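**Q** What follows is a structure written as structure tokens; I'll ask about it next.
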Amino acid sequence: MLLKPGEENHEYWFMFSGIDKALHLSIFAALGFCFMAAFPRIKFSYFIQIILIYAFLTEILQEEMGLGRSMENLDIIADTIGCLIGYYIYKVLAKRFL
């Protein structure tokens, strides 16, 4: 999804100008949650390093693949915020249910 060619199509009701950032945030929130579910004992510093390396790599690949997408700093910020949201949602749910 992150490497899909970029197309802004305003025909659909759910399309808006910041949908790219919202998608980055939601994808990385899900990724952060799933990563924590798979590796619940991982240290936070390792978690954030692994996720940010992945975020940077996907941004670099978007730029290099030439499919109409470009590397944007705001995407990396959205990725970071998303993974932190996923991390904290997992921690709250694990504390309550596990």
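**Q** Does the stretch 55-98 hold any residues that are among the aromatic types (Phe, Trp, Tyr) and either within 12 Å of residue 24 (Cβ to Cβ) or in contact with a helix residue (DSSP H, G or I) (Cβ under 6 Å, 6 or more places away or on another chain) (or both), and which are they?
**A** 87, 90
**Q** Kindly establish whether residue 52 is modelled with pLDDT of 80 or more and in contact with a helix residue (DSSP H, G or I) (Cβ under 6 Å, 6 or more places away or on another chain).
**A** Spelling it out, it is not the case that residue 52 is modelled with pLDDT of 80 or more and in contact with a helix residue (DSSP H, G or I) (Cβ under 6 Å, 6 or more places away or on another chain).
**Q** Moving to a separate point now. Can you name every residue in the stretch 27-55 that is of a type in the set (Phe, Trp, Tyr) and surrounded by 14 or more Cβ atoms within 10 Å (Cβ to Cβ)?
**A** 28, 33, 35, 47, 54
**Q** Let me ask something else about it. If I ask for residues that are outside any helix (DSSP H, G or I) and without any contact (Cβ under 8 Å) to a residue 24 or more places away in the chain, which ones from the stretch 53-69 would you list?
**A** Residue satisfying the conditions is 66 alone.
**Q** I've got another one for you. What's the total number of residues in the stretch 73-93 that are out of contact with any Phe, Trp or Tyr (no Cβ under 6 Å at 6 or more places or on another chain), more than 18 Å from residue 37 (Cβ to Cβ) and either free of Cβ contacts under 8 Å to residues at least 40 places away in the same chain or open to solvent by less than 50 Å² (accessible area, probe 1.4 Å) (or both)?
**A** Here the count works out to 6.
The values are calculated or read from the model by the stated rules, or taken from the named source; none is laboratory data. All figures in this text were calculated on a predicted structure; none of them were measured in a lab. Positions of Cβ are backbone-derived with ideal geometry, glycine not excepted, and every protein chain shown enters the neighbour counts. For accessibility, only protein heavy atoms count, side chains too; no ligands or nucleic acids. Shrake-Rupley method; radii C 1.70, N 1.55, O 1.52, S 1.80 Å.
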